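Read-outs: derived from the displayed coordinates by stated rules, not from any lab. In this text, all values refer to a predicted model and were calculated from it rather than measured experimentally. Cβ coordinates were reconstructed from backbone atoms using ideal geometry, including for glycine residues, and neighbour counts include every protein chain displayed.
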Amino acid sequence: MAKAIQGRAARPKTAATRDLRRSMSNHVATALIVYTGLQIFLTVKALQDGLPSILPYVALILLVAGIIPACRWFEARWKDLTDEQAADPSLLPTFRSDLMGLWATAIGLPFLITLVFRLATQTL
């Protein structure tokens, strides 16, 4: 039994065995966690730096209003694929492009929101 498990674990995942639907769903879930962590960290940092107390909370509301629909859009593109389409290697360039957009949004948006609020408070 251990030999069977070891042999299975040693096989590399190929495009033919990778389910793009599940992979995108996993990336979306992880991106939401990363985005939330970054947003909370940057909001707490902004509060410590003396931003007015209401603005960082508005940024947290933007978390829900902005990132969840975007992530749903990324996931919706992939969830309705058939089993054959989900394992089709010709979809990998599009999949990778969507992953780049997803992660750029998840990582970049918290910094952008914080920057906008910092600039807004400096001009006030």
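Classify segment 21-124 from the C-alpha gyration tensor, please: rounded if a/c falls under 1.5, else prolate or oblate depending on whether a/b exceeds b/c. Mind dumping the intermediate values first?
Values: a/c = 3.44, a/b = 3.08, b/c = 1.12.
Since a/c reaches 1.5 and a/b is larger than b/c, the shape of segment 21-124 is classed as prolate.
By other beta-carbon atoms within 10 Å, ranking Thr43, Thr17 with the fewest at the front produces Thr17, Thr43.
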